[in-house]
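The values are calculated or read from the model by the stated rules, or taken from the named source; none is laboratory data. Predicted model only: the values in this text are computed from it and were never measured. Cβ coordinates were reconstructed from backbone atoms using ideal geometry, including for glycine residues, and neighbour counts include every protein chain displayed.
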Amino acid sequence: MDMQLTSLHGLADGVNMLTLPNGLRVAWERTPTETVAAMLRTRFGSGHERAGQEGWAHLLEHIIMSGGSRRFPREESAAVRRKLGTYNMQTGWNDTTFTADFLAERTPLFLEFLSDLAFHPLLREQDLVTERTVAEREIAESISQPGFQDYSEFTRACFGEGQYTYAKLGRPETLALASVGDMRSLHARGYGASNMDLILVGGLPEGIEDLVRASFEHAPAGEPTPAPFQSAAPIRDVTTLVRPAPERANGDEETSAEFYLALSAPPSWHQDSVSINMLAYLLGGDPDSLLFRKVREEKGLAYRIQAVYDGTDDGLAQVQAFVPPSRWEEVLSAVFDEFQNLKARPIDEDEFHAFKDILRYSMAKSSERNESRLQRVRHMLDGELALETMAEVMEEMTPLDLQDAARNYLSTEDYVLLVRDPSVR
């Protein structure tokens, strides 16, 4: 049966995509390296669970990961994993991913192993019992982390109830309800080839298309699952959360409070994401950034301060710092001063181009790594901006464009602030 082979629209030359008759999309890129970065993604995650199934998708991931498959039972599966550099699975809201990094010569073995594990896991009772206990310990470890409730409250204030506050690890009482039959039913719902993408980047062997076809073309197609993502409302008004952080205290010694300021930002597929990325880097991306100069060097209010942008699903921009207890309001005032400066006048032309050069370097450096190039392909499959497009947009930007972005997104009236202060009782 013929495969459909096309160039992946919007990506650089050398990246191709094929679609197998069962619906599996495969994208690959050869690089002059001795290793391969790989990802198999099924568009099925915690967001596809039904009421009373909280944590089941994550539990299924555990069983697949450790329980082996039809051709690679538990012991043989472990032996194959030891031949790979890294190997992992992760459950998200919209998807579950298998990721690996290995010597290029292991590519045929990896593809055989991955296909069998993804489509024909054993899902045995003894593995369910073992991994349910492991998952329960993971839940306990997660909720035992200092600040767990505070960070959950902060996330809820930023996004409301939904995918960001959903307990994807589940609860012991919901995990206790899961049977082997339930795991097999869940696997049948979400782990079909038509619901998956396979991405390979690295020193791929000749004939990679034939290797992929041999391992994956007979996998069951299944049915695509709709994405459960629903966009959250942007942050409106001011929410200030000042919470005690007793674990940060150290007797009479002065310690630091945690400072997290969050603002709504565009998602990564939006063209304004390039402007926000630049603003974040300008504000707190390196030791010469505006906040580093203002808050650390001029005012001595922080050793570390950074601005970060995450455009995953709903976008969020944050300023994060460790500040003197009880002086967080001074830090907030200093941050807002820099916001207002960026809104009031365009940044100096020479400084603007210096930061642009730093970002260009960062993009170029990132593209030298197989893992980063893999993520680039993933973003394109998801309809997000390609790295090349981002670079083109950035090259066309002017200081006035950055000033407009600051006026649109650096709000001093709509934000969420979390301060975890050891001096608060």
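With respect to GLU329, determine if the residue is more than 26 Å from TYR151 (Cα to Cα) and either among the charged types (D, E, K, R) or more than 27 Å from the chain's Cα centre (by Cα) (or both). For GLU329, the condition - more than 26 Å from TYR151 (Cα to Cα) and either among the charged types (D, E, K, R) or more than 27 Å from the chain's Cα centre (by Cα) (or both) - is not met. Just to be sure, is THR398 without any contact (Cβ under 8 Å) to a residue 60 or more places away in the chain and surrounded by fewer than 16 Cβ atoms within 10 Å (Cβ to Cβ)? Judged against the criteria, THR398 is a match. In this structure, does LEU200 turn out to be surrounded by 15 or more Cβ atoms within 10 Å (Cβ to Cβ), in a strand (DSSP E or B) and either in the same structural domain as PHE159 (by TED's automatic domain parsing) or under 25 Å from the mean Cα position of the chain (by Cα) (or both)? Judged against the criteria, LEU200 is a match.
Of everything in segment 42-74, what is part of a loop (DSSP other than H, G, I, E, B) and under 18 Å from the mean Cα position of the chain (by Cα)? Give them in sequence order. Of everything in segment 42-74, those that are part of a loop (DSSP other than H, G, I, E, B) and under 18 Å from the mean Cα position of the chain (by Cα) turn out to be ARG43, PHE44, GLY45.
Among the conditions (1) outside any loop (DSSP other than H, G, I, E, B); (2) over 27 Å from the mean Cα position of the chain (by Cα), the only one that PRO220 does not satisfy is (1).
Return yes or no: is SER362 within 21 Å of the chain's Cα centre (by Cα) and either aromatic (Phe, Trp, Tyr) or surrounded by fewer than 15 Cβ atoms within 10 Å (Cβ to Cβ) (or both)?
On the way: within 21 Å of the chain's Cα centre (by Cα): yes; either aromatic (Phe, Trp, Tyr) or surrounded by fewer than 15 Cβ atoms within 10 Å (Cβ to Cβ) (or both): yes.
For SER362, the condition - within 21 Å of the chain's Cα centre (by Cα) and either aromatic (Phe, Trp, Tyr) or surrounded by fewer than 15 Cβ atoms within 10 Å (Cβ to Cβ) (or both) - is met.
Every condition in (1) assigned to a helix (DSSP H, G or I); (2) out of contact with any Phe, Trp or Tyr (no Cβ under 6 Å at 6 or more places or on another chain) is met by PRO146 except one, and the failing one is (1). Elements of the type helices (runs of 4 or more DSSP H) sitting completely within segment 295-410 and holding at least 1 residues that are over 30 Å from GLY202 (Cβ atoms): these cover 328-344, 349-366, 387-396, 399-409. Screening PRO234 with (1) in contact (Cβ under 8 Å) with a residue 12 or more places away in the chain; (2) on the phi > 0 side of the Ramachandran plot gives one miss only, at (2).
For first residues located in segment 324-336 and small (Gly, Ala, Ser), partners that are buried (at least 20 other Cβ atoms within 10 Å of the Cβ) and lie 6+ apart or on another chain with Cβ distances below 6 Å form the pairs ALA334/LYS294; ALA334/VAL295. Checking each residue in segment 161-192 for being out of contact with any helix residue (DSSP H, G or I) (no Cβ under 7 Å at 6 or more places or on another chain), within 28 Å of LEU261 (Cα to Cα) and either surrounded by fewer than 15 Cβ atoms within 10 Å (Cβ to Cβ) or of a type in the set (Phe, Trp, Tyr) (or both) picks out only GLU161.
Taken over segment 380-411, the criterion of being touching a Leu at 6+ places or on another chain (Cβ under 9 Å) and under 30 Å from GLU153 (Cα atoms) is satisfied by ALA405, ALA406, ARG407, TYR409, LEU410, SER411.
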